[in-house]
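**Q** Okay, handing you the structure first.
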Amino acid sequence: MTHARKPSMSTAALSPEELTRYARQIGPGVLSVAGQTRLKNSAALVSRVGGMGGPAALALVMAGVGRLIIAHGGRLIAPDLNRQLLGSERTIGQPRAAHFADSLRSMNRLVTVESIDHEPTDREALELTRRVDVVLSCAPTFEERLRLNSAALAAGVPLIDAAQWGLTGTLVAVDPGRTACLRCLYPQPPEFEEMFPVIGAIAMATGAMAALEAIKILSGTGTPLFGRLWMIDGHRGLSRQLDLQRAADCPCCGPSARPAATDSRRP
């Protein structure tokens, strides 16, 4: 099912420069001109922009999403450089958000990039989510992931949750009010290992696929992953998908939960 969303910004046609810039992704099997235009007039939030969120944000910028908001706190450390491709050795010890935003802007001046130098609070997450058309949750902690899940449900905005551990990655896409949410999958947040093992290649692959899901949703192309869990086993080169069921007692999306906000951008 094609799931196209109306843009959150005023609609603007593609310029001749943009038609040239995105020529390799406009055509049979990829995006239509209308789909690329929807992408231009859309906005996305990515939190955080490290091993998974960095590649996701980069792919969105390169694809021509009109406006990107990134959130990431803290300073870059040497162990980050096995996966955080928006950083560099020259920025070790410096705040990540501003440098990551500059790196993204250097790839496409036709895209607007906003940066926030910390992970959003509950209130900020909701405010930011109401400004965009899709949320990419690439945060490591379950607390942050579930916070973005709640904000997306409250705002009626699709959520893509990307996670990674070792050589495995997972993706979940949530269509508020229509599919299971992240809280259905994790009714009780599992224990979190702060310095978990990570290989950059699987983090980047998972982040890139999260971006692809966002591009599909924003442009109305293909069939999004809504309602499914995609597990990628890098050890054995395998992947599988599971259908997710909404939990009747889910405090976020169950019958007793507060209904998602009406989203005038939805078709």
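**Q** From (1) surrounded by fewer than 24 Cβ atoms within 10 Å (Cβ to Cβ); (2) under 18 Å from Gly200 (Cα atoms); (3) more than 15 Å from the chain's Cα centre (by Cα), pick out the condition that doesn't hold for Ala59.
**A** With (1) surrounded by fewer than 24 Cβ atoms within 10 Å (Cβ to Cβ); (2) under 18 Å from Gly200 (Cα atoms); (3) more than 15 Å from the chain's Cα centre (by Cα) applied to Ala59, the lone miss is (3).
**Q** Now a separate question. Just give me the residues in the range 71-118 being touching a Pro at 6+ places or on another chain (Cβ under 8 Å) and closer than 29 Å to Ala12 by Cβ, in sequence order.
**A** Ala71
**Q** Among helices (runs of 4 or more DSSP H) lying entirely in the range 140-253, which contain 1 or more residues that are closer than 24 Å to His72 by Cβ and among the β-branched types (Val, Ile, Thr)?
**A** So the answer is 200-219.
**Q** Still on this model: Checking Thr262 against (1) at pLDDT below 95; (2) of a type outside the set (D, E, K, R); (3) surrounded by 16 or more Cβ atoms within 10 Å (Cβ to Cβ): exactly one of these is not met. Which one?
**A** (3)
**Q** From the list Ser88, Ser32, Ser106, which residue is touching a residue at least 60 places away in the same chain (Cβ under 8 Å), surrounded by fewer than 18 Cβ atoms within 10 Å (Cβ to Cβ) and not acidic (Asp, Glu)? Steps first, answer last, please.
**A** On the way: Ser88 fails: touching a residue at least 60 places away in the same chain (Cβ under 8 Å); Ser106 fails: touching a residue at least 60 places away in the same chain (Cβ under 8 Å).
The conditions single out Ser32.
**Q** Conditions: (1) outside any loop (DSSP other than H, G, I, E, B); (2) at positive phi. Arg123 meets all but one. Number of the miss?
**A** Failed condition: (2).
**Q** Right, something else. State whether the residues of the range 179-194 include one that is of a type in the set (Gly, Ala, Ser) and under 22 Å from Thr129 (Cα atoms).
**A** yes
**Q** Moving to a separate point now. Tally up the residues in the range 128-150 that are exposed (fewer than 15 other Cβ atoms within 10 Å of the Cβ) and out of contact with any Pro (no Cβ under 8 Å at 6 or more places or on another chain), please.
**A** 1
**Q** Kindly provide the set of residues from the range 199-211 that are surrounded by 20 or more Cβ atoms within 10 Å (Cβ to Cβ) and either modelled with pLDDT under 95 or under 15 Å from the mean Cα position of the chain (by Cα) (or both), ordered by number.
**A** Matches in the range 199-211: Ala203, Met204, Thr206, Gly207, Met209, Ala210, Ala211.
**Q** Every residue in the range 41-86 that is under 20 Å from Gly169 (Cβ atoms), among the charged types (D, E, K, R) and outside any helix (DSSP H, G or I), please.
**A** Once the filter is applied, which keeps residues that are under 20 Å from Gly169 (Cβ atoms), among the charged types (D, E, K, R) and outside any helix (DSSP H, G or I), the range 41-86 yields Arg48, Arg83.
The values are calculated or read from the model by the stated rules, or taken from the named source; none is laboratory data. What you see is a predicted model; the values in this text were computed from it and never measured. Glycine also receives a Cβ, built like all others from the backbone with ideal geometry; neighbour counts cover every protein chain displayed.
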